[in-house]
Amino acid sequence: MGIHADRNAKSASLELRQFNLIYGFNGSGKSTLSRLFASLQAGVPHSRLPEGCSFEVSLDDGSVYGHPSNPAGLEKRVLVFNADYIEQNLQWSAGFANPVFYIGAEQTEAAAELTKIESEIVQTETARLLAVATEKTAEKAFGTFKRERAKSIAAHLHLGSRKYEAPAFSNDYDSWKDDTGTGLTDAEFRAAEETRRLAEPMPTIEPIVFDEASIGNAYRFIVEICAQSLATIALDEIERHPSMLMWVKHGHEFHSVNEIENCLYCGNVVTSERRAQLNSALDNRVDEFISRLGRTAERLSELLASLSGIVNSLPLSDTYVSELRERGGAARRDVEQGVERTLKKLQSLQVVLEAKQARPASPADLSALASEAEVIDAATTLGEAIASLNVLIGSHNTAAGDFNRHKNNAEIAIRRHFLLEARSEFAQYQKDLCDATLEVGNKGDKLDRLKQGATELRQKIRAHGPAAAMINKLVASYLGHGELTIHPMAEGYQLQRHGTPITGIPSEGEKTAIAISYFLSSIEAENRKLKDVIVVVDDPVSSLDTKALNFACSLVRGRLEKAGQVIILTHNLQCMNEFRKAWKGKARPPVGKDPTATFLFIDVAMLEGQTKRTSTIVEMSKLLREYDSEYHFLFSHILKFIKAPDAHDDHGYMLPNVMRRVLDVFLAFKCPGSSGLIGQMDKLYGDYPELDRDRLRALERLSQIESHSDNLDDLLSFSSMTLEETRAAANALIEMMEHVDPKHLAGVRKLCN
């Protein structure tokens, strides 16, 4: 447990009896030991005990209590007074020139909580004022945002005599705050605003008429007719030279009409047999086929002209309502491209058809002709483009036909556009205001709760205050005078000196006086019997002068004389002596009587090979038990140190402090005065000139390093002196005492041995 060395069932018994005095220097582990007993009082481990510690105590009846096993059971019997008790049972309000304080765990806890709550009330009131200011700032910022944004939107709506202001902007936010769409593009926005500027509707537009099927039909018909041949012509010459059909036909007709017997080309006579042969080959079917080719060429020309006419009939962008203009321009371009592509495909038909007309007797060359699929695809694409264009025309005509609705939709689109654009900013302003309003409410609710809690705590403080008369009586006994008294107030107590309130916080001694007096007065509370309780008191005389210390020790001893068991822990030598002298007869009673007191010492050593100090509870040395001064006890450590110059000394770490204290005491008798150690050493050199000053430099070094001390509080602190310097100082000290007062040295050696 902390600095304390481990103990177990085989460790020597501490022989605790009814009255027990445990003496140890500061830092030896007394506070830890007192918290062990405080854990038994609480039934749970003390919060300041070292983590992972464990302990057990056994009672006369054999029952065992401790931590972590069986921690509860002694809560009604063990009472502990220590620094933690003072801290827990005295709460001082520093907010007054004549401070109010509270006594007792319940009252001090309530007072501490009240102090905390009152501080929170001030902080919360300030926080609420700040929250109100923040709310007003947020409200103003939100209002300014809505007004300015509404004004900006109104400028684009062209409302005429109507208005668009902050409330309308807020309504739009409620309508579109969850809209997942997007706002208008720049072009759409310009179109909508232009619509809002219109005073009358635009003219309607005629739809574009297009027969998509006519393209495919024309292609298939022309391909079919161009692929045909005049196979009924029974003329070898024509079959060999089909391109000469029309030349032969026209020549035959010319010769027949004009009754020319000789061929104008070759001059030969055209016989009757030849004429009959030509009449049979060039009958009416040839004329009909040629006529059909001519009509087909005319229809193809008409079709091409109608396609070209579509382009001329397409509406311009400016003829649409504003929001359709961009799309109308794109649709027009799509149709123009479709017409161009379709014309290109059909124009190849025109070339083939012209070739067929020139040579009708033989099939035309279709290798350069576009495929039917390509022509159909071009026609389909053109049809789709015209259909899309007609949809836009329909939308335009609808808007132009319901002008007021069209303008209203444009207004809604503009408002929605701006709302979506400002939505996140609107939401943030709104959230800031809501958060600020909620914070005002929260701070107000917290303030109400804190004030109600403060009222309840004040009632609790008044209900749990101990009787002032009993405390004052014990304080007078503790200090040896009645100058210091406590007086009950509306909330707590006031400390007075000679009937006048003291100013500022009282001294540590005065605090201890009030705390120990309250502790002693409350021992038999809750139906406890003094003979049944185990009382542990850790340093009951903090910051008291010698006279007051005597009174304090006397009061504690007297009040606890009949307690079941008393354990006194102290680092104060005078306090230890007061209890030691009073209990000396109980520790060593006359022959035939059992001892009822035990004197123990917390020995702190630095074991060889270790870097940390270790405390062990041992029987008190006779040099402490039998003498009022610690001089002999300290001197024994110096003698032990110099007797084994090469061995490890468990107490070597504190030897510089010990030697300084011994040197102080020795010189105080040999060189009385207030000149300080250096002055005393100079006087010593003057009185004993034969002393080797160089040999005693180690003592001067000791005086420079180790501060002066009137008690043993700092004996356990580490020194900056090296081991060699410490040994030199110890030898120099013994050598000086041997020369200056050999009888004294011999007497002290004898006592220490």
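The values are calculated or read from the model by the stated rules, or taken from the named source; none is laboratory data. All figures in this text were calculated on a predicted structure; none of them were measured in a lab. So basically every Cβ, Gly included, is an ideal-geometry build from the backbone, and we count neighbours across all protein chains shown.
Just the residues that are surrounded by fewer than 19 Cβ atoms within 10 Å (Cβ to Cβ) and in contact (Cβ under 8 Å) with a residue 12 or more places away in the chain, please, taken from region 118-127.
Result: E118, E120, I121, E125, A127.
Could you please let me know if T503 is at pLDDT below 95, out of contact with any helix residue (DSSP H, G or I) (no Cβ under 6 Å at 6 or more places or on another chain), within 30 Å of A133 (Cα to Cα) and exposed (fewer than 14 other Cβ atoms within 10 Å of the Cβ)?
The answer is no for T503.
Six or more apart or on different chains, Cβ atoms under 8 Å: show the pairs whose first residue is in region 380-404 and within 14 Å of L314 (Cβ to Cβ) and whose second is of a type in the set (D, E).
Close Cβ pairs satisfying both conditions: L382/E212; A385/D334; S388/D334; L389/D334; I393/E206.
In region 11-37, which residue that is without any contact (Cβ under 8 Å) to a residue 60 or more places away in the chain and within 53 Å of the chain's Cα centre (by Cα) is surrounded by the fewest Cβ atoms within 10 Å (Cβ to Cβ)?
Looking at residues that are without any contact (Cβ under 8 Å) to a residue 60 or more places away in the chain and within 53 Å of the chain's Cα centre (by Cα), I get S11.
Can you name every one of the helices (runs of 4 or more DSSP H) wholly within region 637-753 that holds 1 or more residues which are modelled with pLDDT under 85 and in contact with a Gly (Cβ under 9 Å, 6 or more places away or on another chain)?
Numbers: elements: 655-670, 676-687, 697-705, 723-740, 742-752.
In region 637-753, the matching helices (runs of 4 or more DSSP H) lie at 676-687, 697-705, 723-740.
Regarding region 268-283, can at least one residue be identified that is at pLDDT 75 or above and either part of a helix (DSSP H, G or I) or exposed (fewer than 13 other Cβ atoms within 10 Å of the Cβ) (or both)?
yes
So, in region 307-339, exactly how many residues are of a type in the set (D, E) and crowded, with 16+ Cβ neighbours inside 10 Å?
Residues that pass the stated criteria total 3.
Residue-by-condition table, conditions (1) surrounded by fewer than 18 Cβ atoms within 10 Å (Cβ to Cβ); (2) modelled with pLDDT under 85; (3) under 30 Å from N577 (Cβ atoms):
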position	(1), (2), (3)
G480	yes, yes, yes
V535	no, no, yes
S542	no, yes, yes
L555	no, no, yes
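Residues D432, D448: which one is surrounded by fewer than 17 Cβ atoms within 10 Å (Cβ to Cβ), under 58 Å from the mean Cα position of the chain (by Cα), outside the structural domain of R325 (by TED's automatic domain parsing) and in a helix (DSSP H, G or I)?
D448
So in region 475-522, with the set limited to residues that are assigned to a helix (DSSP H, G or I) and of a type in the set (S, T, Y), which one is farthest from the chain's Cα centre (by Cα)?
S477
Just the residues that are at pLDDT 70 or above, farther than 23 Å from I502 by Cα, touching a helix residue (DSSP H, G or I) at 6+ places or on another chain (Cβ under 6 Å) and not in a loop (DSSP other than H, G, I, E, B), please, taken from region 75-112.
Those that are at pLDDT 70 or above, farther than 23 Å from I502 by Cα, touching a helix residue (DSSP H, G or I) at 6+ places or on another chain (Cβ under 6 Å) and not in a loop (DSSP other than H, G, I, E, B): V78, V80, F81, A110.
For region 658-670, give me each residue that is under 17 Å from E735 (Cα atoms) and either free of Cβ contacts under 8 Å to residues at least 24 places away in the same chain or in contact with a strand residue (DSSP E or B) (Cβ under 6 Å, 6 or more places away or on another chain) (or both).
L667
Do you know which residues across region 561-600 are under 24 Å from N26 (Cβ atoms), more than 54 Å from the chain's Cα centre (by Cα) and assigned to a loop (DSSP other than H, G, I, E, B)?
Those that are under 24 Å from N26 (Cβ atoms), more than 54 Å from the chain's Cα centre (by Cα) and assigned to a loop (DSSP other than H, G, I, E, B): none in region 561-600.
If we keep just the residues of region 629-657 that are without any contact (Cβ under 8 Å) to a residue 12 or more places away in the chain and farther than 20 Å from S28 by Cβ, which is farthest from the chain's Cα centre (by Cα)?
Among those residues, the one meeting the criterion is K643.
I need every pair where a residue in region 676-704 that is β-branched (V, I, T) has its Cβ under 7 Å from the Cβ of a residue that is assigned to a helix (DSSP H, G or I), sequence separation at least 6 or different chains.
From region 676-704, the pairs are I678/S703.
Quick one: which residue in E425, E384 is part of a helix (DSSP H, G or I), of a type in the set (D, E) and under 53 Å from the mean Cα position of the chain (by Cα)?
E425
Of all residues in region 132-177, how many are closer than 17 Å to D432 by Cα and of a type in the set (F, W, Y)?
3
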